[in-house]
Amino acid sequence: MNQNGQMIAIADTAISGEMVSFTPLRMENIYRHFEWNNDPELNRLDNEMPYKEESFGEFKKRFERMVTHPSSNTVDFEIHSNDGTLIGVAYVADISEHNRHCTAGITIGDRAYWGRNYGRDAMNLLLDYCFEELGMHRVATETFEYNTAWKNLVEWAGFKREGVEQEYLFRDGVFWDKEIYGLLEGDYRASRGLD
Ligand SMILES: CC(C)(COP(=O)(O)OP(=O)(O)OC[C@H]1O[C@@H](n2cnc3c(N)ncnc32)[C@H](O)[C@@H]1OP(=O)(O)O)[C@@H](O)C(=O)NCCC(=O)NCCS
């Protein structure tokens, strides 16, 4: 339900921004998702657990479940560029209808699309979805100390740095901080000139 008591439409149709559109995860794209799932560099940037190769069989079971039985508090999207290419994934997780908060993340898996504003457009669309469709009051995200691109994008989108979990992450023989960021509905609406 959103704040108006309407049922949330869980990503069963495409939604579009200026440069990207979001669709639900599609079984026919499983090979692309598998490639990104088994990419050590992406894993380092978007996953707090160390890279561990997953067999196609294991991944298929997990992906099939995500497509056919998505969790009620998570929404996963494919990100398609406006030239029709599947370029990445976006998600909303830990959705609490009562507290109207969630967490969010984006991975542009196709490196050819990095640094070309696709992340920015995907972020705008994801935030519109969280605040306008899901009726969230607060969206949170986490950044790893070494992931400058994500941190910059999150700050560009208006998230405020709320705190740090010191030396949370052990990578490459070093402990790194994890930072917590939050964006409130009021700040989102003001930034869009919606009030
Ligand atoms: C982080 C990510 C989503 C950014 O997407 P993108 O399409 O490359 O970013 P954009 O071109 O839209 O850039 C938007 C802003 O992000 C920041 N940014 C993007 N790439 C950057 C880089 N290599 N270094 C520093 N800042 C960067 C900048 O602030 C940039 O604005 P600017 O160009 O005016 O400086 C993308 O690099 C990615 O998917 N990385 C791998 C997975 C990941 O880290 N996900 C985040 C955790 S869930």
Fill in the blank from the handout: By residue number, the members of the range 131-156 that are within 16 Å of the ligand (Cβ to nearest atom) and part of a loop (DSSP other than H, G, I, E, B) are Glu145, Tyr146, Asn147
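Yes or no, residue by residue, for (1) under 15 Å from Gly88 (Cα atoms); (2) at pLDDT 95 or above; (3) loosely packed, with under 14 Cβ neighbours inside 10 Å; (4) polar (S, T, N, Q):
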| site | (1), (2), (3), (4) |
| --- | --- |
| Met1 | no, no, yes, no |
| Thr23 | yes, yes, no, yes |
| Pro40 | no, yes, yes, no |
| Gly57 | no, yes, yes, no |
| Arg62 | no, yes, yes, no |
| Met66 | no, yes, no, no |
| Pro70 | no, no, no, no |
| Asn73 | no, yes, yes, yes |
Practice task
Say whether the condition of being near the ligand (Cβ under 10 Å from one of its atoms) and at positive phi is met by at least one residue in the range 157-165.
Solution key: no
Exercise for the section: Among the candidates Asp187, Asp128, single out the residue that is in contact with a Gly (Cβ under 6 Å, 6 or more places away or on another chain) and outside any strand (DSSP E or B). Expected result: Asp187
Completion exercise
Within the range 100-125, restricting to residues that are within 24 Å of Tyr31 (Cβ to Cβ) and assigned to a helix (DSSP H, G or I), the one that is farthest from the ligand (Cβ to nearest atom) is Ala112
Handout entry: In the range 105-142, residue nearest to the chain's Cα centre (by Cα) [restricted to those that are more than 18 Å from Ala14 (Cα to Cα), crowded, with 21+ Cβ neighbours inside 10 Å and among the aliphatic types (A, V, I, L, M)]
Key = Val139
Exercise for the section: Determine if the range 116-129 includes at least one residue that is touching a helix residue (DSSP H, G or I) at 6+ places or on another chain (Cβ under 7 Å), in contact (Cβ under 8 Å) with a residue 40 or more places away in the chain, farther than 20 Å from Pro70 by Cβ and not small (Gly, Ala, Ser). Expected result: yes
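The values are calculated or read from the model by the stated rules, or taken from the named source; none is laboratory data. Predicted model only: the values in this text are computed from it and were never measured. Because the Cβ atoms are built from the backbone with ideal geometry, glycine has one as well, and the counts that use them run over all protein chains shown.
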